[in-house]
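Below is one structure, written out as structure tokens, with a few remarks after it.
The values are calculated or read from the model by the stated rules, or taken from the named source; none is laboratory data. Model, not experiment: these values are computed from the prediction. Methodologically, a virtual Cβ is constructed for each residue, glycine included, from the backbone with ideal geometry; neighbour enumeration extends over all protein chains shown.
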Amino acid sequence: MSATTIPSRPSLRGIRWRPVSNFFSGLTRLATFSILALLAILLSTILVNGLPGLSFRFISTIPKKDFFEPGSAAVLPMIVGTTVRVFVMTLFVIPIGVITAIYLTEYAASSSLYTRVIRAAVNNLAGVPSIVFGLFGVGFFINFIGRGFDSLTHQAGPQLGQPCLLWASMTLAVMTLPVVIVATEESLKSILPGLREASLALGATKLQTIIRVVLPNALTGILTGGILAISRAAGEVAPILFTGVAYYMRDLPKSPTDQFMDLGYHIYVLSTQSPNIDQTKPVLYATVLVLLVLTFSLNGIGILARARLRRSGRSDS
Amino acid sequence: MTHGRNSSRRTAGWGGIYRGHRARVGERLAEMGIFVVSLSAIALIFLIFLFVGREAWPILIQSDSVNSAAVQDVIPAVDLPKLSPEQIRAYLGIDAAQLDRMDSETIRELMLVREEAFASLPQSLQRDPDARLNTVRWRSLILPHQWAGYSRPEFIWQPIGEIHKYNIVPLLVGSLKTSLIGLAFAVPFALGAAIYVSQIARPRLREWLKPAVELLSGIPSVVMGSFALIVMATVLQRFFGYETRLNAFVAGIALGMAVIPIVFSIAEDALTSVPRSFIQAALALGASEWQAAWQIALPAALPGVFAGVVLGFGRAVGETMIVLLVCSASVMSWNIFDSARSITTTIAAEMAEAVAGNHHYRVLFLLGTILFAVTFVTNLLGDIFIHRLKRRLEGKQ
Amino acid sequence: MIRTTLSRRSLTWIAAAVIAGAHSLAVAGTITVKGSDTLVILAQKWAETYMGKHASTKIQVTGGGTGTGFAALQNQSTDLCNASRKIKPTEIETCIKAFGKRPREYAVALDGLSIYVHSESPLTQVSLEELQGIFSGKIRNWKEVGGPNAPITVYSRENSSGTYEFFKEHVLRGKDFAASAQTMPGTAALLQAVARDKGAIGYGGAGYGKGAKTLKVSREKGGEAFEANEETVANGTYPIWRLLYVYVNPELDKGDAGAYLSWIRSDEGQAVVKEVGYYPLTPHLRKK
């Protein structure tokens, strides 16, 4: 791309007064800043209403009594549940996503049938509605794999044939696979070809080159992919509705076959099941704030890292 | 970016793998592993279709094993000795292995449950012809039916109750209605912003604007939904003055906010990928920035913009938590200020109460299959548009 | 390098998951309770109080919905199933197919549903028949039930809730809700809407009621109307009430679980019911 080599815009502005053009340019500017204004209103509403409800006790204890009431509400089990489920997810999604990206960028020709079909499948997977992943989790992980495993091991009751942390994480891994693949591909492509050629010229095999040269250089990109996947998954509720989330649990989850509480689902519960909406509002806003801080900090890191990666990629080529 | 990619000597081996040198067995095995893992995305699409479809299969093939009729023929338990094993299996819906495991006492118990269920139904229902209707037949799923107590045939989704009314048309209408409102709101804003950011804004401003708009995509849909439920619904009602606070319009606007970053990102990418030289040529000829954007960049990037809109539609149709929180009455109405119940809402809300394996459960999976098929097509369309954009831009260069 | 360590780690993890899974059931003395979200807070309270007295018993409570609870009961992933409605014949069938017996049913608490209108409504009572007319859409104006000449806005609940199902069965008697009825995601949201809408009517759990007016309900038009309280719900004079249940596999109804179940229905257990906002069982119901 040669965009940066030519001065990107000759300053023709102000040469002639063009009312129509200026009007429409103004409209596009208005559209842009309206979106930003909406975003600002949304975030400031949450911040203003959520901050008063936030306290160390709120984020560090397990609610023992009534989680709708500001005095006794707390979100520790939800923070733990959400965090654990996304990290377990990365254990599945990163290896698979990175290997797929390696195949696509390092091994396969971009015009080959395999590449085209895999790419189409990845794009398609990215657009599958999250609730369908939830149904898939029930049909495949719980009913097929879980039940199958249970009947093989002949246990007294179901272990894996029921909603639990493991299946929720795997369902999310399926959902976020495209995110990891795309981010890793981007970072692999931004590596200078000369690096690979040098390694090959020194007698390293292709696989050695990939493992010793390409992957270490792509590490930031892979991490970015992981972070983006986590931030996408952290706020998702629909895929875990039937695959593992619990309305209330007294204890933190102890094994992958336990159910768990979740921040996003808890927001849904707080906004619909509360016996007294006005009383619960501060709790709701505070919980939303906790979730947003979690997803936004991750998202922010991801976006910044990606922007840096792109810039460096561009100046390289 | 072109490490020998276009070299003509290049020949792809097994699995499309190109290596360029001889390799030891271990390395070949590793490559095979990489190839197999890389097929996982394809496998997953296939598995999703297979396993979501599998649960809906009995309805798709209209098997007799799912019957949602409130009143069904009952064989008295005393007749058990007269029945052949095949008859018992067909009547109780069990397979041979299950039958083998059961003793006659258990079978009798099962038949008694059927008898009691029948006896406990109100008399009026036993006479009602609707109660004998198997409502998971295509006819009931898609066509309107005049139920007892109604003055004309209607599309009704009321799955809970003695008679299970499973007409999916109100849900399709609900999904379409909310998504279209969402798109109508999102596309002008997203497109305007994409033009501004890619063509008009100064480069330095642009660096900030793009991530700022994309920040919107970082807001989880459950947060957007509860914000719509608590704040937006009240504000919009005060502004537009319609009667009921929660309706398809509120849900649509909230959906629109969730869709804006998608349409924006894709459209902005497409507009940016239009070669700078096109625009500079136009500017040099005396066009204004707006004219260059509208008459040169936008037409060139049109397939990409379409892709954004199509993929935005797919996202809106598939969005769950927003519509679930904001509105959920299954009304058969195109009025935007009426309520609506989307397919996703229905699945999310009813799955936990459905008996695993029964007709309600299967209908919900049928809805999931429909949803998957719809988004599959929109994704494919989006893909095709993006390819067309690439080809068009490359062809012109 | 990264690939190998990651995949190796994930393999170990899967193995760990499987082993941990196999172990978690082996813990003795744990009673698992699952089912209706309506009952989850009450069940939690019961569990806490009981565990305070019997340190050796551990009770784990999760919600998920009545249907989910029955599914878990049937595939034996839970010991007790909380239900806000009676078990359905199809669910009994799946249980018999799974473990050869009908699940045992225990009534554990009473719940009365209240009828809410806007706080400025002049109405004080309504009959069951009128309610059926209003919620099925036959009666559309308040003047038909003795109120001002104003249209009625009907608020209902999400159709997957136990409350919805109960109301449809007992007040609408199988008829469909009016197509114009607004559905609300929860009782609180419904109350909020009713509090803001002068023509509104809605229904919900009895423990709520802030910000709106609660109507007395009579069986027949012009008959004596009652408000929901412990006495009227218990003796059945308040007409819109339901039982809440716990179901158990008869095989498991012994030992710790059996002791816990009979404690729930004892005076001590029923005292907890009152704290949470439901009504305790009458002695007559406890015997059954």
Whether any residue in the stretch B:228-239 is surrounded by 23 or more Cβ atoms within 10 Å (Cβ to Cβ), closer than 21 Å to A:Ser271 by Cα and at the interface with another protein chain (Cβ under 7 Å from one of its Cβ atoms) is what I want to check.
yes
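Would you mind stating whether B:Leu302 is crowded, with 23+ Cβ neighbours inside 10 Å and either in the same structural domain as B:Phe264 (by TED's automatic domain parsing) or out of contact with any Ser or Thr (no Cβ under 6 Å at 6 or more places or on another chain) (or both)? So that I can check it myself, show each step before the final result.
On the way: crowded, with 23+ Cβ neighbours inside 10 Å: no; either in the same structural domain as B:Phe264 (by TED's automatic domain parsing) or out of contact with any Ser or Thr (no Cβ under 6 Å at 6 or more places or on another chain) (or both): yes.
Considered against the rule, which asks whether it is crowded, with 23+ Cβ neighbours inside 10 Å and either in the same structural domain as B:Phe264 (by TED's automatic domain parsing) or out of contact with any Ser or Thr (no Cβ under 6 Å at 6 or more places or on another chain) (or both), B:Leu302 comes out as no.
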Suppose we filter A:Tyr103, A:Tyr114 for residues that are among the hydroxyl-bearing types (Ser, Thr, Tyr) and either surrounded by fewer than 23 Cβ atoms within 10 Å (Cβ to Cβ) or in contact (Cβ under 8 Å) with a residue 60 or more places away in the chain (or both); which single one remains?
A:Tyr114
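Looking for whichever is over 30 Å from A:Thr105 (Cα atoms) and either facing chain B (nearest Cβ under 7 Å) or within 17 Å of the chain's Cα centre (by Cα) (or both) here; the options are A:Leu135, A:Leu172. Which one fits?
Values: A:Leu172 fails: over 30 Å from A:Thr105 (Cα atoms).
Sole residue among the options that is over 30 Å from A:Thr105 (Cα atoms) and either facing chain B (nearest Cβ under 7 Å) or within 17 Å of the chain's Cα centre (by Cα) (or both): A:Leu135.
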Could you tell me which residue of the stretch B:265-323 is farthest from B:Phe372 (Cα to Cα), considering only residues that are within 8 Å of chain A (Cβ to nearest Cβ) and aromatic (Phe, Trp, Tyr)?
B:Trp290
Which members of the stretch C:185-201 meet the condition of being closer than 15 Å to C:Ile115 by Cα and within 14 Å of chain A (Cβ to nearest Cβ)?
C:Gly186, C:Thr187, C:Ala188, C:Ala189, C:Leu190, C:Leu191, C:Gln192, C:Ala193, C:Val194, C:Ala195
Taking the conditions exactly as written (of a type outside the set (S, T, N, Q), buried (at least 18 other Cβ atoms within 10 Å of the Cβ), touching a helix residue (DSSP H, G or I) at 6+ places or on another chain (Cβ under 9 Å) and more than 9 Å from every other protein chain (Cβ to nearest Cβ)), does A:Ala73 satisfy them or not?
yes
Sort out for me the helices (runs of 4 or more DSSP H) sitting completely within the stretch A:121-195 that have 1 or more residues that are surrounded by 22 or more Cβ atoms within 10 Å (Cβ to Cβ).
A:130-136, A:165-189
Closer than 23 Å to B:Ala248 by Cβ, more than 9 Å from every other protein chain (Cβ to nearest Cβ) and modelled with pLDDT of 85 or more: does that describe B:Ile370?
yes
If you check B:Leu216, B:Leu255, B:Leu205, which single one turns out to be part of a helix (DSSP H, G or I) and either of a type in the set (Asp, Glu) or buried (at least 24 other Cβ atoms within 10 Å of the Cβ) (or both)?
B:Leu255
Among the residues of the stretch B:84-107, is any more than 12 Å from chain C (Cβ to nearest Cβ), part of a loop (DSSP other than H, G, I, E, B) and within 39 Å of the chain's Cα centre (by Cα)?
no
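Got at least one residue in the stretch A:216-231 being under 26 Å from C:Ala72 (Cβ atoms) and assigned to a helix (DSSP H, G or I)? Let's see the steps before the verdict.
If we filter the stretch A:216-231 for residues that are under 26 Å from C:Ala72 (Cβ atoms), which is where we start, we get none.
The answer is no; no qualifying residue exists.
Based on what the data block shows, is B:Ser333 in contact (Cβ under 8 Å) with a residue 12 or more places away in the chain, surrounded by fewer than 24 Cβ atoms within 10 Å (Cβ to Cβ) and closer than 22 Å to B:Gly161 by Cβ?
Numbers: in contact (Cβ under 8 Å) with a residue 12 or more places away in the chain: yes; surrounded by fewer than 24 Cβ atoms within 10 Å (Cβ to Cβ): yes; closer than 22 Å to B:Gly161 by Cβ: yes.
Yes: the conditions hold for B:Ser333.
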For C:Ile59, state whether it is of a type outside the set (Ser, Thr, Tyr), in a helix (DSSP H, G or I) and more than 7 Å from every other protein chain (Cβ to nearest Cβ).
no
Conditions: (1) free of Cβ contacts under 8 Å to residues at least 24 places away in the same chain; (2) more than 24 Å from C:Lys53 (Cα to Cα); (3) surrounded by 12 or more Cβ atoms within 10 Å (Cβ to Cβ). C:Gly258 meets all but one. Number of the miss?
(2)
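Output the residues belonging to the stretch C:160-201 that are hydroxyl-bearing (Ser, Thr, Tyr), assigned to a loop (DSSP other than H, G, I, E, B) and within 21 Å of the chain's Cα centre (by Cα). Outline the logic, then answer.
Our first condition is that a residue be hydroxyl-bearing (Ser, Thr, Tyr); within the stretch C:160-201, this holds for C:160-161, C:163-164, C:180, C:183, C:187.
Then drop every residue that is not assigned to a loop (DSSP other than H, G, I, E, B), which leaves C:160-161, C:180.
Scanning the stretch C:160-201 gives C:Ser160, C:Ser161.
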Can you run down the residue pairs with Cβ atoms below 7 Å, 6 or more apart or on separate chains, where the first is in the stretch B:27-47 and under 15 Å from A:Ile102 (Cα atoms) and facing another protein chain (nearest Cβ under 7 Å) and the partner is among the small types (Gly, Ala, Ser) and surrounded by fewer than 20 Cβ atoms within 10 Å (Cβ to Cβ)?
B:Phe35/B:Gly15
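Within the stretch B:192-204, can one find any residue that is touching a residue at least 60 places away in the same chain (Cβ under 8 Å), closer than 17 Å to B:Gly252 by Cβ, of a type outside the set (Val, Ile, Thr) and in contact with a Leu (Cβ under 7 Å, 6 or more places away or on another chain)?
No, every residue in the stretch B:192-204 fails to be touching a residue at least 60 places away in the same chain (Cβ under 8 Å), closer than 17 Å to B:Gly252 by Cβ, of a type outside the set (Val, Ile, Thr) and in contact with a Leu (Cβ under 7 Å, 6 or more places away or on another chain).
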Cβ pairs under 6 Å, 6+ apart, first in the stretch B:109-127 and under 20 Å from C:Lys175 (Cα atoms), second among the charged types (D, E, K, R):
B:Leu125/B:Glu162
Can you find a residue that is outside the structural domain of C:Gly162 (by TED's automatic domain parsing), within 29 Å of C:Asn249 (Cα to Cα) and more than 25 Å from the chain's Cα centre (by Cα) anywhere in the stretch C:87-97?
yes
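Rundown of residues vs (1) surrounded by fewer than 24 Cβ atoms within 10 Å (Cβ to Cβ); (2) touching a residue at least 60 places away in the same chain (Cβ under 8 Å); (3) closer than 20 Å to B:Lys165 by Cα, yes/no style:
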position	(1), (2), (3)
B:Phe337	yes, yes, no
B:Thr345	no, yes, yes
B:Ala348	no, no, yes
B:Met351	no, no, yes
B:Asp383	yes, yes, no
B:Arg388	yes, yes, no
